Amino acid sequence: MENTLYKEITKQDRFEILAMMREARKKSGHIEIAYDDKILSCPFLQVDLNGFHVAWMEELSAISEFLPMVIKGSGEKIEFNAQLQSVDQQAGHLVYGFPEEIVVIQRRQSMRITVPDYYGFRCEGRFRDGFNYTFAIKDLSAHGLQLQCTQPLPTLTRNGMLLKNMTIYLGKFGTWPVDLNLLNMKALTHIDDEGQTVSWHTLSCMFAKPSPAFVRKMEEVVMELILDLKRTKRLR
C-alpha cells in the first residue's frame, strides 16, 4: 500500500508497550520473526516486563543477534527488534528480551477486515507457467487483499508483477474478475499446535486500476462482512 495510507507511532514507555503487546497477543497469537531471508511465524505464548515467550523453533534457538519482529492485527501492526535471552527446550519456549521501543503502524484510510477461514473466500487465476492457482483470501479492503498460497509458486513470481485475469469469489457477497498488482510476497513457516512445520506464501496485492464503482462495491462488501462477523459473534 502507499505510505499515505499509514501512520507510524513510536512507543518507548515500558508499561504502554506491555499493554499493547498483551492486547496484540490476545488478538493475533503469533509473532513473525525475520531471519535468513525467511519469515518464521511463531506462537506468541506470554509477555511481561522481563521479556516474552514464543514457541520453540530449532533454527531460532542458536541465534543470538537482534532480530526484526512483527505482530499483525486487523488494522495495525507492531514492529520491534528483540534478542534471545534464554532457551527452555523442555517447556518448548524461546524467551526474548523485552523491547525498548516498538513502532505501531496503523492504516489511515482504507478499512481492512481479516477474513475467517470458514467463509471460504478465494482467488483463482492462471499464472505464466500455465498452471491454475487457487489462493485463500486472508484479508480484504476496498483497495486490495492478501492471498495465501500453499502450492509452490512459479519461479518468475516477483514483487511488482501484474496478475491478470484473476477472479475473486466472496461467497454470498459476489464474484468479480480483477487484475492485481503484487506489492509484496513473503514465505512463512509456522509451527502448528501439534508441533508440525507448515509453510506457505502470502501475497499482498492491490486492485489494478479499479473503477470507482468497483471500489464502492468493495467498501460495501467490507462493511457487510464486518456486520456479519458481529452478528455471528453475538450468536455464539
Query raised in the report: Once fully extended, how much extra length lies between Thr232 and Asp88, figured as 0.36 nm per residue of separation less the alpha-carbon to alpha-carbon distance?
Result: 47.9 nm
Report summary line: The answer for Val115, listing residues at least 5 apart or on another chain whose modeled amide H is closer than 5 Å to its amide H, is Asp139, Leu140
Query raised in the report: What's the extension gain from Thr150 to Ala34 if we count 0.36 nm per residue and subtract their Cα-Cα distance?
Result: 39.8 nm
Query - the stretch 111-164: equivalent-ellipsoid semi-axes (sqrt of 5 x gyration tensor eigenvalues, Cα, Å) - result: 21, 14, 9
**Report entry** Cα Rg, Dmax (largest Cα-Cα span) when computed across the stretch 150-203, Å
**Finding:** 14.5, 39
Query raised in the report: Taking the chain on its own, what percent of its Cα-Cα pair distances exceed 25 Å?
Result: 48 percent
Report summary line: Extension length gain for Glu23 and Ala62 (0.36 nm per residue less Cα distance), in nm, is 11.2 nm
Report task. Sum up the charges of everything whose Cβ sits under 15 Å from the Cβ of Lys11, counting Lys and Arg as +1 and Asp and Glu as -1, but leave Lys11 out. Result -> -4
**Report entry** Tail fraction, Cα-Cα pairs, the stretch 3-107, threshold 25 Å, whole percent
**Finding:** 15 percent
Report summary line: The orientation-averaged projected area of the Cα convex hull of the stretch 113-235, in nm², is 8.4 nm²
Query - Calculated Rg and Dmax of the stretch 77-178 using C-alpha coordinates, Å - result: 18.8, 51
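FYI, it's all coordinate maths here, none of it is from the lab. On a predicted model such as this, the values are computed, not experimentally measured, just so you know. Note that each Cβ is placed from the backbone with ideal geometry, even for glycine, and that neighbours are counted across all protein chains shown.
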